[in-house]
Amino acid sequence: MQFRLFSALIIFLGSYLPLALILAVQDIPISWWSQPFCNPSDVNECLFNPFKNPILSGAFLLITFFAVLGSNLALHKVEYPFTAKVAKSKSIPNDIINYVFPYVVSFMGISYSEPEKLIGFAVFLLWMFAITYKSGQIIMNPLLLMFGWKLHEASIEIDGHKREVRVLTKGNLQPGTYSVQKIQDFYVARSRDDN
């Protein structure tokens with residue numbers, strides 16, 4: 001099974017919520033932090049919008065936040081047509097190298113105030129998406145850890161065929177029988193008790 005392009009894009013964008021937060025904080029001028037707290041008796045003097053570029057900051061934050069929620073929802077909607085016996089497994093760290101570069105870039109002068117750098121960064125993210133989608137690595141989203149998903153290397157048996165595979169599952173993958181679905185180069189597993 002291959003993720004549909006839209007679902008893959010949602011999962012990819014969801015992994016960049018921390019970057020959206022970093023860029024949003026960098027978009028708040030230092031003078032805003034020294035403002036006094038809002039006095040409820042004089043609401044007209046309160047500054048509710050701290051951003052220099054509120055549309056871009058807010059849009060990227062909202063898009064990535066809802067993409068994180070959509071990623072979790074997409075994984076819950078996966079159908080599990082196969083049965084696999086897990087003989088052994090070990091947890092492996094989520095490969096975050098694909099997501100390190102954009103975070104480093106955010107500290108190297110990219111800001112919402114420089115549209116030409118933002119366009120270049122958007123092109124960079126599109127290339128990253130294309131590469132991760134075509135290589136079958138789209139599901140390696142570090143933020144899935146927030147929802148309890150873990151990546152494992154496992155020895156499994158499906159229809160009498162033994163395989164060494166990578167398995168994404170909610171929680172730990174213990175030896176036993178699971179319902180599974182192959183998505184790109186990964187198996188997504190669910191305990192038979194959850195069916």
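Coordinate-derived values only; no laboratory data. These numbers come from a predicted model, not from an experiment. Cβ placement follows ideal geometry from the backbone for every residue including glycine, while neighbour counts extend to all protein chains displayed.
Suppose each label sits 7 Å from its Cα in the direction of the beta carbon; what would the S111-L126 distance come out to in nanometres?
For the pair S111/L126, the computed spacing is 2.6 nm.
Once phi is turned into θ = phi - 60°, what whole-Hz ³J(HN,Hα) does the Karplus curve with 6.51, -1.76 and 1.60 give for every residue of the range 170-180, x standing for Gly and Pro?
Per-residue couplings from phi come out as 7, x, 7, 9, 8, x, x, 9, 9, 8, 9 Hz.
Rounded to the nearest 0.05, what FRET efficiency is calculated for L21 and Q181 with R0 set to 30 Å and r the Cβ-Cβ distance? Could you put the intermediate results ahead of the total?
On the way: r = 32 Å, r/R0 = 1.06.
Rounded to the nearest 0.05, the efficiency is 0.40.
What is the packing order of peptides 115-122, 132-139, 14-21, taking the mean over residues of other C-beta atoms within 10 Å and listing the highest first? The partial results should precede the final answer.
Values: 115-122: 12.5, 132-139: 17.4, 14-21: 20.5.
Descending mean neighbour count gives 14-21, 132-139, 115-122.
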